[in-house]
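Novice: Before I ask anything, let me first share the structure, which is written out below as structure tokens.
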Amino acid sequence: MTPAQQFINNRGIMFKVERNGSIVSELKGLPNHEKSTSRKYIGFMPDSDIQTGDWLINPTNEKFYVSDIVTDFFLQQKSQLKAYCQTITEYNAKAEKAPAIFNIENATNSVIGMQSTVTLNINSSIQEAKEQIASSDSGDKEELQQIISLLEMVVNNQVPAQKGLLSKFVSVIQRNSWISSPISSILLNWLLTQAPSVLP
């Protein structure tokens, strides 16, 4: 038994381990801090079932958030599991300062975040649509490419946007319903770039 394990056994106190709102175990741990960094941790026996994100509750019902865990070694043997902790006050203060994080999948050419100015890359939407058509097994590839070429001319101000512009392609779009998404993306991005000129 390593010195750290002896200290935990002899001087440790019982901590309840709370995970996802439920108490999953009760383990003996010893509050401590690193002299070099002053980081607070609670030492547990090696291989204890403690995970980052757990809450540790001492006998006086004080709660500590586990921000990190590290296995400590002594003479090439596992000595203890260090559960680096934050008090509730420290945890809340850090949470308030945390920047907004957006985890979004498949949001091609979307505007995401907290910026006040936006740059939209319509050309990439058009290119992606062309690639989707080229890689599809549709028998209407030629007409689908014509649709995208027509939209490209509209966004480049070579053809005026007018009612019924895509009416002759209705049956093609119905047969290839997946093309509606790229078309919508191109048109929406184009409309958003036009907004400053049409709004009062």
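The values are calculated or read from the model by the stated rules, or taken from the named source; none is laboratory data. These figures come from a predicted structure and were not determined experimentally. For neighbour counting, all protein chains shown are included, and Cβ atoms are generated from backbone atoms with ideal geometry for every residue, glycine included.
Novice: Return yes or no: is Val66 closer than 19 Å to Asn92 by Cα and within 31 Å of the chain's Cα centre (by Cα)?
Specialist: Working: closer than 19 Å to Asn92 by Cα: yes; within 31 Å of the chain's Cα centre (by Cα): yes.
Spelling it out, Val66 is indeed closer than 19 Å to Asn92 by Cα and within 31 Å of the chain's Cα centre (by Cα).
Novice: Between a residue in the range 6-18 that is more than 18 Å from Phe64 (Cβ to Cβ) and any residue that is loosely packed, with under 14 Cβ neighbours inside 10 Å and modelled with pLDDT under 95, which pairs come within a Cβ distance under 8 Å, given they are 6 or more apart or on different chains?
Specialist: Short answer, once both residue conditions are applied: Asn9/Met1.
Novice: Counting only residues that are part of a loop (DSSP other than H, G, I, E, B) and at pLDDT below 75, which one in the range 162-200 is nearest to Ser124 (Cα to Cα)?
Specialist: Taking the range 162-200 and keeping what is part of a loop (DSSP other than H, G, I, E, B), we get 162-166, 176, 199-200.
Narrowing the set further to residues that are at pLDDT below 75 leaves 199-200.
Numbers: Leu199: 26, Pro200: 29 Å.
This residue is Leu199.
Novice: From Ile8, Ile42, which residue is in contact with a strand residue (DSSP E or B) (Cβ under 6 Å, 6 or more places away or on another chain) and either more than 18 Å from Pro59 (Cβ to Cβ) or in a strand (DSSP E or B) (or both)?
Specialist: Ile42
Novice: Something else about it: Within the range 25-39, is even one residue more than 19 Å from Thr71 (Cβ to Cβ) and in contact with a strand residue (DSSP E or B) (Cβ under 7 Å, 6 or more places away or on another chain)?
Specialist: yes
Novice: Right, here's the next one. In the set Gln76, Gln80, which member is over 29 Å from the mean Cα position of the chain (by Cα) and buried (at least 18 other Cβ atoms within 10 Å of the Cβ)?
Specialist: Numbers: Gln76 fails: buried (at least 18 other Cβ atoms within 10 Å of the Cβ).
Checking each option against the conditions leaves just Gln80.
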